[in-house]
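Chemist: My questions all concern the structure below.
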């Protein structure tokens, strides 16, 4: 009996000291979030359980009782909306990263460093994330509008439901090129494979990505610790190494 | 209530399901006949391959189709060599994918119906000097009619209900690959719940009516013999 009580006591103390935090992560932030979670676990002893997906889907799930405690959104409007609707904690919102858009092809030498390939045409399919759903898709449309190329290029759009699927269309070569997040093709500070043009940030609205503590994370130390860690210099360095600005 | 985009998606979905069902009846009938009559060792493996889409998640099917039909895949190399171009993001690509995806729903009912006929009627036809082809069309096909009806309805309905495969190889192009299920998904993701309800509710009613028709038209399904 004593032994059981002892084990239970151990379990209980472990449960209070090292907590889990359920984090919903926008698809474009998948790779950095995994790295940050590792550092977070080492430093705090808490465990971050990450779910990846489209921000719009997370919104619907949170509104319908999903167990997420923190949302790392792909935009700044969804966290604001959740806060206004009382599903997120007021005063916890902050921008954890500003995303950069990149025109990318899996073929080396296909995309030049000024994006001239857009004007030359010569491709059948150009992949973008659904602009209605994904901030990177909306930014791509804005950039094409600024370049006065939208009308010419729009008929060749193929849309991924999120930025991860868009990347897949290009990576498999089914679309010759497309607009994705710089973070998806950046490895150790440079574009890993294929060819890319980092779209100048002046061509579209900044892609501000906000984090917020959700209702389910209220009073949870692990959720609080996650937000602190995300704001810290170590996390910022990791975030920058994937091509985000912060 | 329905926008032009909705109507375009509905028309596209019906067209896809219609073309797929027609192709499947043409391709699936010989396969079903062979599966029903053969004593070959290959019956097991072929039957298993036909049934794969029942078990596999559509994402697996969509993922491999995307790789196979892409510029680096064998199918994609062939279609480019043949001058058709690449199949993903095209209506033709969706038809090919749907034929695989809905195959078991067409082949299995027809196969069951052929098996239920047994050897008797065909042997009788042979003694009356009917050629095998004549016996097939004059005896086997009419006797297997309930199977064909079930196959047509299920094949059509299953293609209408297709989502994961289309999402993965379609590219969501209006009037080309944006079918109703994908459009519903778009509406839900964009929080346009009112528009989603119109289409989603329509799908529920459609599915119910199709299955109802199946049970009403085929009440002797169990006794067929």
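The values are calculated or read from the model by the stated rules, or taken from the named source; none is laboratory data. Remember, it's a predicted structure, so these values are computed and weren't measured experimentally. Note: ideal-geometry Cβ built from the backbone for every residue, glycine included; neighbour counts use all protein chains shown.
Chemist: If you go through the stretch A:212-243 one residue at a time, how many are part of a loop (DSSP other than H, G, I, E, B) and in contact with a helix residue (DSSP H, G or I) (Cβ under 6 Å, 6 or more places away or on another chain)?
Modeler: Of the residues in that region, 2 qualify.
Chemist: Ok, one more. Kindly indicate which of B:200, B:190, B:196 is surrounded by 14 or more Cβ atoms within 10 Å (Cβ to Cβ), within 11 Å of chain A (Cβ to nearest Cβ) and at pLDDT 90 or above.
Modeler: When all the criteria are applied, what remains is B:196.
Chemist: Looking at the stretch A:128-148 only, could you name the residues that are within 13 Å of chain B (Cβ to nearest Cβ) and either in a loop (DSSP other than H, G, I, E, B) or farther than 20 Å from residue A:59 by Cα (or both)? Walk me through how you get there before you give the answer.
Modeler: Let us first name the residues in the stretch A:128-148 that are within 13 Å of chain B (Cβ to nearest Cβ), namely A:128-135, A:137-138.
Answer for the stretch A:128-148, where residues must be within 13 Å of chain B (Cβ to nearest Cβ) and either in a loop (DSSP other than H, G, I, E, B) or farther than 20 Å from residue A:59 by Cα (or both): A:128, A:130, A:131, A:132, A:133, A:134.
Chemist: Then there's this: Name the single residue that is surrounded by the fewest Cβ atoms within 10 Å (Cβ to Cβ) among those in the stretch B:146-185 being without any contact (Cβ under 8 Å) to a residue 24 or more places away in the chain and part of a helix (DSSP H, G or I).
Modeler: Among those residues, the one meeting the criterion is B:185.
Chemist: With assigned to a strand (DSSP E or B) and more than 10 Å from every other protein chain (Cβ to nearest Cβ) as the only criterion, which of A:118, A:103 stands out?
Modeler: So the residue among A:118, A:103 that is assigned to a strand (DSSP E or B) and more than 10 Å from every other protein chain (Cβ to nearest Cβ) is A:103.
Chemist: When residues of the stretch A:52-80 are filtered for being surrounded by fewer than 19 Cβ atoms within 10 Å (Cβ to Cβ) and at pLDDT 95 or above, how many remain?
Modeler: Here the count works out to 1.
Chemist: Moving on to the next point. Within the stretch A:114-154, track down each residue that is out of contact with any helix residue (DSSP H, G or I) (no Cβ under 8 Å at 6 or more places or on another chain) and surrounded by 18 or more Cβ atoms within 10 Å (Cβ to Cβ).
Modeler: A:115, A:117, A:138, A:139, A:140
Chemist: Counting only residues that are within 14 Å of chain A (Cβ to nearest Cβ), give me the helices (runs of 4 or more DSSP H) lying completely in the stretch B:9-95 with at least 3 of them. Show your work before the answer.
Modeler: Working: elements: B:43-55, B:58-69, B:74-81.
Here the list reads B:58-69, B:74-81.
Chemist: Under the condition of being in contact with a helix residue (DSSP H, G or I) (Cβ under 7 Å, 6 or more places away or on another chain), at the interface with chain B (Cβ under 10 Å from one of its Cβ atoms) and not in a strand (DSSP E or B), which residue from the stretch A:155-201 is nearest to residue A:27 (Cα to Cα)?
Modeler: A:162
Chemist: Still on this structure, I have one more. Does residue A:105 satisfy being surrounded by 19 or more Cβ atoms within 10 Å (Cβ to Cβ), modelled with pLDDT of 95 or more and not assigned by TED's automatic domain parsing to the domain that holds residue A:213?
Modeler: yes
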